[in-house]
Each structure stands twice: as structure tokens, then as C-alpha cells.
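Each reported figure results from applying straightforward, stated rules to the coordinates on display, with no laboratory input. Being a predicted model, the structure only gives us computed values, none of them experimental. With ideal geometry, Cβ positions are generated from the backbone for all residues, glycine too; neighbour counts draw on all protein chains shown.
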Amino acid sequence: MKDVVFDSVYFGIALSLVCYWIAVIIHRKWPITILNPLLISTVMIIAVLLLFQIDYKAYDEGAKYLTYFIQPATICLAVPLYRQLRALKDNIATVIISVTAGCLSNALFITVLGLLWKLDPVLIR
């Protein structure tokens with residue numbers, strides 16, 4: 001019975017939607033930034049997969065269909081950016097400095113973690 005449920009195409013979709021729904025309820029009750037529904041639902045999905053020893057491939061069989069919605073959503077983010085194009089142009093130096101600082105701090109963070117975890121130097125480069 002367990003295999004029938006977990007190997008179903010609908011399992012990944014159902015688990016993702018239920019976890020997100022619960023995460024939204026949690027975020028509405030305690031509207032703290034760290035309780036972001038995407039973060040909380042991701043943690044919940046990982047916990048369920050580990051707790052019940054479900055193979056990620058079984059989960060991904062259904063969840064992969066949800067990723068098809070990410071592309072249109074990403075494109076929709078371009079519209080507000082385009083509407084704020086004048087503000088971006090007016091603050092181009094700030095935007096470039098901020099993006100550069102974010103990239104450099106991310107690279108430094110990954111390098112430090114890689115060294116702490118003693119990863120292969122090829123992976124860190």
C-alpha cells in the first residue's frame with residue numbers, strides 16, 4: 001500500500017500543495033519573515049521525505065509538473081521591473097554595487113563553507 005501511494009504521480013503534487021497550504025497558515029498566524037511559506041514548505045517536504053524514507057525520485061515524479069509554472073511566474077516578474085525602469089536607471093550605481101556585493105559575499109560564504117566541510121578543492125573553485 002505504501003508503494004502505491006508514494007509512487008503515484010499525484011503524491012509529489014499533493015505533498016507540495018499540502019505543505020505549502022500549512023506553511024501559509026503558519027505564516028498568517030505568525031507573520032515573521034523567517035516563516036516564509038516557501039521556506040517552511042520546503043523544510044516540511046524534506047522532513048516528510050526523510051521521516052518516511054521516501055525516495056526523492058518518487059516525490060519528483062509528481063512535483064516536476066509544478067516546476068512548469070515557475071517559468072511563467074519568472075517572466076511575470078519582468079513586468080514590475082520594466083515599470084520601475086526609470087528608478088533603476090536613476091540608481092544604476094547603487095544597483096551595480098548591490099549586485100556585485102551580493103555576488104562576492106555569496107562566493108565568499110560558499111568558499112568558507114567548502115573549506116569548513118573539507119570539500120574537494122575542485123568543487124570550491
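Gain on full extension, evaluated as 0.36 nm per residue between Ala107 and Ser8 minus their Cα-Cα distance, stands at 31.7 nm. Annotation for Val48 and Leu115: the two label points, set 7 Å from Cα along the Cα-Cβ direction, are 4.0 nm apart.
Computed FRET efficiency, Cβ-Cβ of Thr67 and Val99, R0 35 Å: what is it to the nearest 0.05?
0.85
The residue among Val9, Val122, Ile97 whose Cα reaches farthest toward the positive pole of the charge dipole of the chain, with charges on the beta-carbon of Lys, Arg, Asp and Glu, is Ile97. Taken along its three principal axes, the alpha carbon spread of the stretch 1-70 comes to 37, 27, 15 Å, from the longest extent down to the shortest.
Full extension of the chain between Asp60 and Asn91 gives 7.0 nm of extra length, using 0.36 nm per residue less the Cα-Cα distance. Remark: spin-label model distance Leu39-Trp21 equals 2.4 nm, labels positioned 7 Å along the Cα→Cβ axis.
Relative to its residue count, the stretch 77-125 spans a Cα convex hull of 90 Å³ per residue.
At 25 °C and a viscosity of 0.890 mPa s, what translational diffusion coefficient does Stokes-Einstein give for the chain, taking Rh as the Kirkwood radius over Cα pairs? Give it in µm²/s as a whole number. If you can, show how the numbers build up before the last one.
On the way: Rh = 18.3 Å.
Translational diffusion coefficient: 134 µm²/s.
The GNM of the chain, with springs linking C-alpha atoms under 10 angstrom apart, assigns the highest mean-square fluctuation among Ser105, Ser16, Ser41 to Ser105. Compute the angle between helix 37-51 and the longest alpha-carbon principal axis of the chain, please, reported from 0 to 90 degrees and rounded to the nearest 10. Taking the Cα atoms of the chain, the angle to 37-51 is about 40 degrees.
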